[in-house]
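*Asks:* I have a structure here, written as structure tokens, and I will follow up with some questions on it.
The numbers here are math on the coordinates, done by the rules we state, and not lab data. Note that the coordinates shown come from a computational prediction; the quantities given were computed from them, not determined experimentally. Cβ coordinates were reconstructed from backbone atoms using ideal geometry, including for glycine residues, and neighbour counts include every protein chain displayed.
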Amino acid sequence: MRLLGRAAGLVTLVALFCSAGAVGSASASEAPAALLEKKMIFVPAGKFTMGITPKDIEWVVEAFHSESREWYLDELPAREVDLKGYWIDEHEVTFIEYMVYVNKTGASPPKYFDNPRFNGRLQPVVGIGWKEADAYCRWLGKRLPTEMEWEKAARGADARRYPWGNEPEPTRANQRGLMDNYRYTAPVGDFPEGKSPYGVMDMAGNVWEWTADWYKPYPGNEHVNDMYGEKFRVIRGGSWSSNMDLARSSVRGKAAPDQRQDYIGFRCAKNS
Ligand SMILES: [Ca+2]
């Protein structure tokens, strides 16, 4: 409501979305059906490989002419992780979905809500902090995915580097540069060739995604890093402003929880 007058066209759009979605909505959260019915993908129970080996680090340093091995040491070691089945949003949360939430609840609008580079209705919402992302998911009876859940949903069970396989293919994801046709964020789901083995979209690029976890060392990780601890939340997947080495499914990005960046968004998960 606070947006009236500042983005009247957008508010009208949100209002239409709300009224259409509200029909038949019976959720305790009072969220519109259009949001509650957002497609989720089921990731079945079972083991997968989380993290990477020293050999994988040699590959990435060579493939991307990286200046430092240090950048990748927080991804060590590779280990087998067994997860229960869970659901994860097929797509990143969109701008229009988030604006419906803002309109319904009075939550603060995202930082870039009036920036035409980032406020297309099907672009992923950006400019929201960790608590805001967490609150949005909870409003829908969901939650942020854990790092483990995020990584498994992105790379499947065969330890691949990217959602589609092992090679960096810049046309399969919205990452830095114009090979993918987008300078900023792309509408969600615009890279079907980049989907994960389970069919989850944009797990490489478009926007980094908040996860539930603090940035802490993995069990068995011997890398000394002042950033570890309950200071930063883990973000995953790389974005429109980062290179393909950061779009690898095992990469552990980090951000202070109150950061509202134009390259960080999120998606939600749910127990089975
Ligand atoms: Ca993404």
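*Asks:* Could you pull out every residue, at least 5 positions away or on a different chain, whose amide H is within less than 5 Å of the one on residue 261? Hs are placed 1.01 Å off N in the peptide plane, and Pro or chain starts have none.
*Replies:* 127, 128
*Asks:* What full-extension length gain, to one decimal in nm, is calculated for residue 42 and residue 214 as 0.36 nm per residue of separation minus the Cα-Cα distance?
*Replies:* Computed gain between residue 42 and residue 214 is 59.5 nm.
*Asks:* In addition: Mind telling me which of 147, 30, 132 comes out most flexible in a GNM of the chain, alpha-carbon contacts under 10 Å?
*Replies:* Fluctuation is largest for 30.
*Asks:* Bin width 5 Å, alpha-carbon pairs only: give the P(r) of the stretch 227-266 as whole percents, running from 0 to the bin holding the largest distance.
*Replies:* Over the stretch 227-266, the share of Cα pairs per 5 Å bin runs 6, 23, 32, 23, 15, 2 percent.
*Asks:* Here is a further query. Ranking 91, 65, 223 by Cβ neighbours within 10 Å, fewest first, what do you get?
*Replies:* Starting with the residue having the fewest Cβ neighbours, the order is 65, 223, 91.
*Asks:* With only alpha-carbon pairs counted, each pair once and no self-pairs, how large is the Kirkwood hydrodynamic radius of the stretch 58-107 in angstroms?
*Replies:* 15.6
*Asks:* How would 125, 93 line up from fewest to most surrounding beta-carbon atoms within 10 angstrom?
*Replies:* With the sparsest Cβ surroundings first, the list reads 93, 125.
*Asks:* So if I place +1 on the C-beta of Lys and Arg and -1 on the C-beta of Asp and Glu, and nothing else carries charge, what would the dipole magnitude of the stretch 3-271 be about its Cα centre? I want it in debye, nearest 20.
*Replies:* So the magnitude is around 700 debye.
*Asks:* At 222 nm, what value in deg cm²/dmol follows for the chain if DSSP H runs of at least 4 each add -39500 (n - 2.57) and the sum is divided by all its residues, to the nearest 500?
*Replies:* Computed ellipticity for the chain at 222 nm equals -6500 deg cm²/dmol.
*Asks:* How long, wide and thick is the stretch 127-211, going by the Cα atoms along their three principal axes, in whole angstroms, largest first?
*Replies:* The principal-axis extents, from largest down, are 36, 32, 16 Å.
*Asks:* Further question: Just need the relative contact order of the chain here, percent rounded to a whole number, with Cα pairs under 8 Å and 6+ apart.
*Replies:* Rounded, it is 23 percent for the chain.
*Asks:* For residue 84, list the aspartates and glutamates whose Cα falls under 20 Å from its own Cα; do not include residues on the same chain fewer than 8 positions away.
*Replies:* Within the straight-line limit of under 20 Å, residue 84 reaches these aspartates and glutamates: 147, 149, 151, 158, 213.
*Asks:* Return the lysines within reach of residue 111: Cα separation strictly under 25 angstrom, same-chain partners fewer than 8 residues apart disregarded; answer none if there are no such residues.
*Replies:* Of all the lysines, those that pass the test against residue 111 - Cα under 25 Å, at least 8 places apart if same chain - are 38, 131, 142, 231, 254.
*Asks:* To continue, here is another question. Please compute the Kirkwood hydrodynamic radius over the stretch 3-271, one decimal place, Å, based on all pairs of different Cα atoms.
*Replies:* Roughly 18.8 Å, rounded to one decimal.
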